[in-house]
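Please read the structure below before turning to the comments.
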Amino acid sequence: MLTLPNEIATACAPLFEAIPLDQAMRALQGSAPKQTELVQALLRDPALANRPELATGLWLYVDDLGRSHTISQGIETPTGSYWHGIMHRREGDFSNSHYWIRRAAGHPLWQARPELDPEGLIDLVAAARDRDDPALIARQREEWQALFTWCAVNL
């Protein structure tokens, strides 16, 4: 369950009703975007507008890796690098994912949640070789939830 500030929770509610967290990001790699029109509409809400860290996360949530990539590569902070690294992991570009995750080194979320271990998750997904391991999908969702919540609360 996401614990978001009220205005962000309200703005995102239609998406989270359409695609509950336990149904989002069903694949470790690849992209089959869904609900893109809904995300476009949500991003016009004042609670989400001009919040690129939330926008890139929402695009990942609906598996639109291209739009997530476009936004994350323009966020020149450890948070932007973290989202960028996740996106490259999801597209199966593991060396590039490691590069961006290393650029996010010292992210405050990792200090609070060291078990997220994004470098280790990249290696586990790479080793899974196109198998959508349910345990890894659960970790992917947990990581997304933690970073999206962190961005909503801290940025």
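The values are calculated or read from the model by the stated rules, or taken from the named source; none is laboratory data. All of these numbers come straight from a predicted model, not from anything done at the bench. Cβ sites come from the backbone with ideal geometry, for glycine too, and all protein chains shown count toward neighbours.
Below are the figures for this structure:
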{"item": "Extreme residue, nearest to Ser31 (Cα to Cα), among residues of the range 71-113 that are part of a helix (DSSP H, G or I) and among the basic types (Lys, Arg)", "result": "Arg90"}
{"item": "Given (1) in a loop (DSSP other than H, G, I, E, B); (2) of a type in the set (A, V, I, L, M, F, W, C); (3) in contact (Cβ under 8 Å) with a residue 24 or more places away in the chain, number of the condition Ala49 does not satisfy", "result": "(3)"}
{"item": "Which listed residue is exposed (fewer than 15 other Cβ atoms within 10 Å of the Cβ), without any contact (Cβ under 8 Å) to a residue 40 or more places away in the chain and of a type in the set (A, V, I, L, M, F, W, C), from Ala146, Ala104, Ala138", "result": "Ala138"}
{"item": "Residues located in the range 114-131, provided they are outside any helix (DSSP H, G or I) and within 17 Å of Ser81 (Cα to Cα)", "result": "Asp117"}
{"item": "Residue list for the range 122-135, restricted to those being closer than 19 Å to His98 by Cβ and surrounded by 11 or more Cβ atoms within 10 Å (Cβ to Cβ)", "result": "Ile122, Asp123, Leu124, Val125, Ala126, Ala127, Ala128"}
{"item": "All positions within the range 10-29 that are without any contact (Cβ under 8 Å) to a residue 12 or more places away in the chain and either surrounded by 13 or more Cβ atoms within 10 Å (Cβ to Cβ) or not in a helix (DSSP H, G or I) (or both)", "result": "Pro20"}
{"item": "Test: residue in the range 80-96 that is crowded, with 21+ Cβ neighbours inside 10 Å, under 26 Å from Phe16 (Cα atoms) and among the aromatic types (Phe, Trp, Tyr)", "result": "yes"}
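Each row is one residue, and each column tells you yes or no for (1) at pLDDT 95 or above; (2) touching a Cys at 6+ places or on another chain (Cβ under 9 Å).
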residue	(1), (2)
Leu2	no, yes
Thr10	yes, no
Ala18	yes, no
Ala32	no, no
Val39	yes, no
